[in-house]
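Enquirer: The structure is given below, and queries will be raised subsequently.
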Amino acid sequence: MNLNQRQIQHLYLRTGFGMPYPYIMDRVGKSAETLVDELFSQSDKFEYLKVIERKRFTYLNHSDLPKEYRATLSRDSLIYRDVLRNAWVRKLAKTDTPLRERMTLFWHGHFASRDLNPLTMEDQNNMLREKGLGNFRDLLFAISKDPCMLRYLGNTLNREKSPNENFARELMELFTLGRGHYTEQDVKNAAKAFTGWTFNSKLEFEINSYVHDDSEKTFMGVTGNLGGEDILNIILEKKQTANFITRKVYKYFVNPETIDENVISSLSDSFYKSGYDIGKLIKQIFTSPWFYDEKIIGQQIKSPIQFLTGMHNLFLIDMPDDKTLMGVQKDLGQILFAPPNVSGWPEGREWIDSSTLAYRAKLPTQLFSGMDWNNFASRFRNVEKADLPAVIAGYLLQSPINVSLLSEDLNFKASTTDLIREIAIKLTQFPDFQLC
Amino acid sequence: MNRSRRDFLKHSVFASTGTLMVPNFLKAFSALESFESPKRIVIVQLSGGNDGLNTVVPFRNDLYYNLRPKIGLPKSKILGLNDEMGLNPGLLGLKRLYDDGMLSIINNVGYPNPERSHFRAMDIWQTASDSDEYLTTGWVGRFLDATCEGVPAVPHYAMEIDYVLDMALKGQDTKGIAALVPHKLFLTLRDGYIGKIIEDYKKNGKKDASNVSYLYKTMVETYSSAEYLYRLSKIYKSNFPYPATSFGRQLRTISELINSGSVTKVYYVPLQGFDTHNGQQPRQEKLLKTLGDGLKVFVDDLKKNGTLDDTLVMTFSEFGRRVKENASAGTDHGTANNIFVVGGKLRKPGFYNAGPDLANLENGDLKFSVDFREVYATMLNKWLGMDEEVVLGKSFTNLSFI
């Protein structure tokens, strides 16, 4: 299937963070398969996020840390938490591996967790980056042994004498099966199987056998001296897990409002048969003709991170300084490494209220200060002046607007750069700019 | 709102606006008149987990001093309310309200299987969920949904005086509005191109269930609310001596909105910094002083303007703290806590129920006896005239503090 400009923009907005105009135009007429293959091959070689000093912040977890040092390190952990947050936003905006980063962002919301130690968060993020396009089984095993997650959901406190069910419950409710597909007894027994799953002072996973419950347990019809890995295997045998993950992927990448059950059922069948190959699932979605249907294009509300990274990619603006960037994330309502709770960010309409919408309408104008408009304008040098409103609207908005409304307010006698600038500023104020 | 202020409001609209602006504002104005009751609530969110036991102090109880040798407040400093209980020295303002019968203290408020994470506990309080239930709408938001069902949504029915809208004020179809300086919202929107986009949408735009319609609809509502709040800001300026803190300024903003006749049903204001793991006493006292001093002036302001009797203030925090102090002269995350209710027409001023039983703890934590949703249900039902089941999903015992 050969794609037109609008469909290509759609592909890059949904699989990444938007692309510059010439990048899009170079690919008009190419097939979905070709472009998706390109996205995958770009993602093969990737860079980790590395801004946290390993030795120093591993030390934060030592119980014999001298008191004076602990105070300094705790203070620094707050500073580096923000360093980490900003570093990832910048990485997302500038990445050469958009699909891999986008998957990492998806899993970051799916396996939502946070920690006071920025190092465990960075480690988790790199694990998600490494495995996010691979096999869901590997990913699930890794996240279940991940220090940030183990601590966040209280599994470090899960001991034979005083079980903590938090991880076992969320594992099933939010990470794999979904509500209604397990019993309270399953939660209790899974919790027993995970007793002792913790990490050591080097931030490495380990099972503390002294507090592990070795008794016989029954989980989803299987009885035996079950350990954590057995529980994960039993969960992965359930087709419902494939269905649950497919549904979540579909809602995130395709359409959060209306779900085509036939599509879900066929996608999750292949996902299960492939042995949970995430890359294959993703490829199947983005090469399917229904993904490029008018019902799907331009219907999704950009998340704050999509909005912000999109500003960088669509307009070539520089990202603001660290302090401003933190403030912008806060005011838009999404701070990376700080999901609201274990169920992640509620996507879609939840992003938009009166205050965030008003803020989104005025933020571009602020980000434009100091922007090189000649550079932006040079991308449209082959376009007739009279066609500029329609052409730029076609690039910036995936939801079509009445261009004549825009045109009647423009000064066509102005220089081309000024005209383009005026068009761009006005277009960002249309509510349609919030869609992708 | 009394008749003269309403007339004044009407006159001021026509006196101060160009004809272009009138229709929108009148639309909002007619919504005002559709409300039978002017009753409103103000919610103060003490973020971080306020230590309730050093807020309302059981100063006759030896267990209190045994468990808190460093941070237990000495009797001499406590503002006594009765023979057993007194307030933190920072709460002189609240003590005055207590003496005037305008404060009700509800003890031991919580919920089953309490959560100790700030984020999760705050979620539970804001969404009014069970502790193992994840909801994506807030309880005030669902109140908005029910109030605006079938009519155009009015975001300023619920206002948070802050930059960002908390989950509590987000409903499924209707969301409240957040603004630190409400009248400035309109100034930023007015100067842009948005007015023109909105006018065109009203004439030609699609109105369906799609996301694009949702965005336009929200923009229209935002513009109209912003304009309403801007007009309102010309009506009443308070010259009461609010403390020079951001919380003081936020309360002044709320008072100005109320006394200008805003139709807002719920105001929401956060006060941060209660996570006192170390060096608790001076920090907490300072925060409580900010709270108490602010609320005292706020009540005086409303009373003078005849709006106090229709206003109910509630304070809450996401959890209380552990009974035993920690090694750093602070306290760690705990469970049940007290709630303050302030108003001119309380049915049960003073102590609503007995204070915590320190001899009967659960793993070193206070046991709850009042579900926080009973407090919400009471305000919804008895004050805002809304069936609590619609908002909370099930019915809860109504309390008798109002």
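Values in this text are rule-based calculations from the coordinates and carry no lab data. All values derive from a computational prediction rather than experimental measurement. Cβ: placed from backbone, ideal geometry, glycine included. Neighbour counts: every protein chain shown.
Enquirer: Which order results if A:Lys302, B:Lys77 are arranged by neighbouring Cβ count within 10 Å, fewest first?
Expert: Neighbour counts put them in this order, fewest first: B:Lys77, A:Lys302.
Enquirer: Moving to a separate point now. Evaluate 2.2 N^0.38 Å with N set to the residue count of the stretch B:74-182, then give the Cα radius of gyration divided by it.
Expert: Compactness ratio reported: 1.41.
Enquirer: Mind giving me the nanometre distance, one decimal, between the label points for B:His118 and B:Ser369, set 7 Å out from Cα along Cα→Cβ?
Expert: Rounded to a tenth, the inter-label distance reads 3.1 nm.
Enquirer: Kindly express, to the nearest 10 degrees and within the range 0 to 90, the angle between helix B:22-34's C-alpha long axis and the longest C-alpha principal axis of chain B.
Expert: 50
Enquirer: Give the residue from A:Asn200, A:Val211, A:Thr324 lying farthest towards the positive end of the charge dipole for the protein assembly as shown; charges sit on Cβ (+1 for Lys and Arg, -1 for Asp and Glu) and the dipole is referred to the Cα centre.
Expert: Value computed over the given set: A:Thr324.
Enquirer: A 27 angstrom limit on the alpha carbon distance is what I want to check against. Which of A:Lys94/A:Lys283; A:Lys239/A:Lys330; B:Lys304/B:Lys348 exceed it? Could the numbers behind the result be given before it?
Expert: Numbers: A:Lys94/A:Lys283 23 Å; A:Lys239/A:Lys330 39 Å; B:Lys304/B:Lys348 23 Å.
Over 27 Å apart, Cα to Cα: A:Lys239/A:Lys330.
Enquirer: Peptide B:131-140: average number of partner chain Cβ atoms within 10 Å per residue? Mind showing how you got there, number by number?
Expert: Details: counts 0, 7, 1, 10, 2, 7, 2, 0, 0, 0.
Mean partner shielding for this stretch: 3.
Enquirer: In addition: Measure nothing but the geometry: give the 0 to 90° angle between the long axis through the Cα atoms of A:239-253 and the longest principal axis through the Cα atoms of chain A, rounded to 10°.
Expert: 30
Enquirer: Specify the inter-centroid distance of the stretch B:47-74 and the stretch A:393-428, based on alpha-carbon positions, in whole Å.
Expert: If you average the Cα positions of each part, the centres end up 63 Å apart.
Enquirer: Turning to a different aspect of this structure: Going out from 0 in 10 Å bins, what whole percent of all Cα-Cα distances in chain A drops into each bin?
Expert: P(r) over chain A, rounded to whole percents: 4, 20, 28, 24, 15, 7, 2, 0, 0.
Enquirer: Same structure again: Taking the Cα centre as origin and putting +1 on Lys and Arg beta-carbons and -1 on Asp and Glu beta-carbons, what dipole magnitude results for the protein assembly as shown, to the nearest 20 debye?
Expert: Computed about the Cα centre, the dipole is about 1920 debye.
Enquirer: May I have the convex hull volume per residue, in Å³, for the Cα set of chain B?
Expert: Numbers: hull volume 55.7 nm³, N = 402.
It comes to 139 Å³ per residue, whole-number rounded.
Enquirer: Per residue of A:292-302, count partner chain C-beta atoms within 10 Å of its C-beta, then hand back the mean as an integer.
Expert: On the way: counts 0, 0, 0, 1, 0, 0, 3, 3, 1, 4, 0.
Taking all residues of A:292-302 together, the mean is 1.
Enquirer: Further, regarding this structure: I'd like the distance separating the alpha-carbon centroids of the stretch A:361-388 and the stretch B:193-249, in whole Å.
Expert: Centre-to-centre distance over Cα atoms comes out at 28 Å.
Enquirer: May I ask which residue of A:Phe106, A:Leu427, A:Pro147 lies farthest towards the positive end of the charge dipole of chain A, with charges of +1 (Lys, Arg) and -1 (Asp, Glu) on Cβ and the Cα centre as origin?
Expert: The listed residue farthest towards the positive side: A:Leu427.
Enquirer: To check my understanding: the extent here is largest minus smallest coordinate of the Cα atoms along each principal axis. What are those three numbers for the protein assembly as shown, in Å, largest first?
Expert: Extents along the principal axes: 84, 80, 49 Å.
Enquirer: Can I ask one more? In terms of modelled amide H atoms, which long-range or inter-chain residues lie less than 5 Å from the amide H of B:Arg321?
Expert: Under 5 Å from the amide H of B:Arg321 lie the amide H atoms of B:Gly52, B:Leu53, B:Gly334, B:Thr335, each far enough along the sequence or on another chain.
Enquirer: Write down Rg/Rh for the stretch A:3-124, rounded to two decimals, with Rg from the C-alpha atoms and Rh from the Kirkwood relation over Cα pairs.
Expert: We get a ratio of 1.14 for the stretch A:3-124.
Enquirer: Let me ask something additional. At a Cα cut-off below 19 Å, give the aspartates and glutamates reachable from B:Lys382, other chains included and same-chain residues fewer than 8 away excluded.
Expert: The reachable aspartates and glutamates, counting only those whose Cα sits under 19 Å from B:Lys382, are B:Glu36, B:Asp145, B:Asp309, B:Asp310, B:Asp371, B:Glu374.
Enquirer: How big is the stretch B:198-348 on each of its three principal axes, counting only the C-alpha atoms and giving the largest first in Å?
Expert: 66, 40, 32
Enquirer: Give me the Debye-computed log₁₀ of I(q)/I(0) at q = 0.13 Å⁻¹ for the stretch A:190-305, equal point scatterers on Cα only, no solvent, two decimals.
Expert: Values returned for q = 0.13 Å⁻¹ are -0.70.
Enquirer: Say the dipole of the stretch B:155-233 comes from +1 at the beta carbon of Lys and Arg and -1 at that of Asp and Glu; which of B:Ala168, B:Ala158, B:Ile197 then lies farthest toward its positive end?
Expert: Towards the positive end, the residue furthest out is B:Ile197.
Enquirer: Here is a follow-up. Would you calculate a helix-derived [θ] at 222 nm for chain B, using -39,500 (n - 2.57) for each DSSP H run of n ≥ 4 and dividing by the full residue count, to the nearest 500?
Expert: Working: 13 runs with 153 residues, N = 402.
Result for chain B: -12000 deg cm²/dmol, rounded to the nearest 500.
Enquirer: Hey, fewest Cβ within 10 Å first, where do B:Cys148, A:Cys148, A:Cys436 land in order?
Expert: In increasing order of surrounding Cβ atoms, one gets B:Cys148, A:Cys436, A:Cys148.
Enquirer: Quick check on the protein assembly as shown: of the DSSP beta bridges with both residues there, what percent are antiparallel, nearest 5%? Let's see the in-between values first.
Expert: Working: 26 of 48 bridges.
That works out to approximately 55 percent antiparallel.
Enquirer: Can I ask one more? From the cross-link list B:Lys77/B:Lys286; A:Lys248/A:Lys323; A:Lys217/A:Lys238, which pairs have alpha carbons spaced over 22 Å apart?
Expert: A:Lys248/A:Lys323
Enquirer: Out of every Cα-Cα pair in the stretch A:292-372, what percent are more than 18 Å apart?
Expert: Tail fraction, whole percent: 46.
Enquirer: Compute the longest continuous run of chain A that contains no exposed chymotrypsin sites (Phe, Trp or Tyr not before Pro); treat a site as exposed when its DSSP state is not H, G, I, E or B and it has at most 13 other Cβ atoms within 10 Å.
Expert: The longest such stretch corresponds to A:49-411.
Enquirer: Magnitude of the Cβ-charge dipole of the stretch B:299-402, K/R +1 and D/E -1, about the Cα centre, nearest 20 debye?
Expert: 240
Enquirer: Let me know the Kirkwood hydrodynamic radius for the stretch B:353-402, please, with Cα pairs as the basis and the value in Å to one decimal.
Expert: 12.2
Enquirer: Further question: Which whole-angstrom value gives the distance between the alpha carbon centres of the stretch A:186-259 and the stretch B:338-402?
Expert: Comparing the Cα centres of the stretch A:186-259 and the stretch B:338-402, I get a distance of 38 Å.
Enquirer: Fewest to most neighbouring Cβ within 10 Å: what's the order for B:Val151, A:Val254?
Expert: Details: B:Val151 9, A:Val254 23.
Least crowded to most crowded, the residues run B:Val151, A:Val254.
Enquirer: Follow-up. Give me the distance in nm between label points sitting 7 Å out from Cα along the Cα-to-Cβ direction at A:Asn411 and A:Thr324, one decimal.
Expert: 2.5
Enquirer: Moving on. Counting only other chains, and only Cβ atoms inside 10 Å, what mean value do you get across the residues of B:213-224?
Expert: Taking all residues of B:213-224 together, the mean is 5.
Enquirer: What do you get for Rg/Rh over the stretch B:313-360 if you use C-alpha atoms and the Kirkwood form of Rh?
Expert: Looking at the stretch B:313-360, the ratio lands at 1.07.
Enquirer: Right, here's the next one. Within the stretch A:170-224, report the GluC sites (Glu not before Pro) that DSSP leaves as loop and that have at most 16 other Cβ atoms within 10 Å.
Expert: Details: sites: A:Glu170, A:Glu173, A:Glu184, A:Glu204, A:Glu206, A:Glu216; in loops: A:Glu204, A:Glu216.
Of the GluC sites (Glu not before Pro), the ones in loops of the stretch A:170-224 whose Cβ has at most 16 other Cβ atoms within 10 Å are A:Glu204, A:Glu216.
Enquirer: How large is the charge dipole for the stretch B:150-202, taken about the Cα centre, if only the Cβ atoms of Lys, Arg (+1) and Asp, Glu (-1) carry charge, to the nearest 20 debye? Walk me through the numbers on the way to the answer.
Expert: Values: 6 positive and 7 negative charges, 22 e Å.
The calculated dipole for the stretch B:150-202 is roughly 100 debye.
Enquirer: In the stretch A:117-205, which trypsin sites (Lys or Arg not before Pro) fall in coil by DSSP and have 13 or fewer other Cβ atoms within 10 Å?
Expert: Numbers: sites: A:Arg129, A:Lys131, A:Arg137, A:Lys145, A:Arg151, A:Arg159, A:Lys161, A:Arg169, A:Arg179, A:Lys188, A:Lys192, A:Lys202; in loops: A:Lys145, A:Arg159, A:Lys161, A:Arg179, A:Lys202.
Those that pass, being in a loop and sparsely packed, are A:Lys161, A:Arg179, A:Lys202.
Enquirer: Also, I was wondering about something else. From the helices alone, meaning DSSP H stretches of at least four residues, give me the mean residue ellipticity at 222 nm for chain A, per-run term -39500 (n - 2.57), in deg cm²/dmol to the nearest 500.
Expert: Per the formula, -16500 deg cm²/dmol.
Enquirer: Continuing with this model, one more query. Using a 10 angstrom Cβ neighbour count of at most 15 plus a DSSP loop assignment to flag exposed GluC sites (Glu not before Pro), which longest range of chain B is free of such sites?
Expert: The longest uninterrupted stretch comes out as B:150-402.
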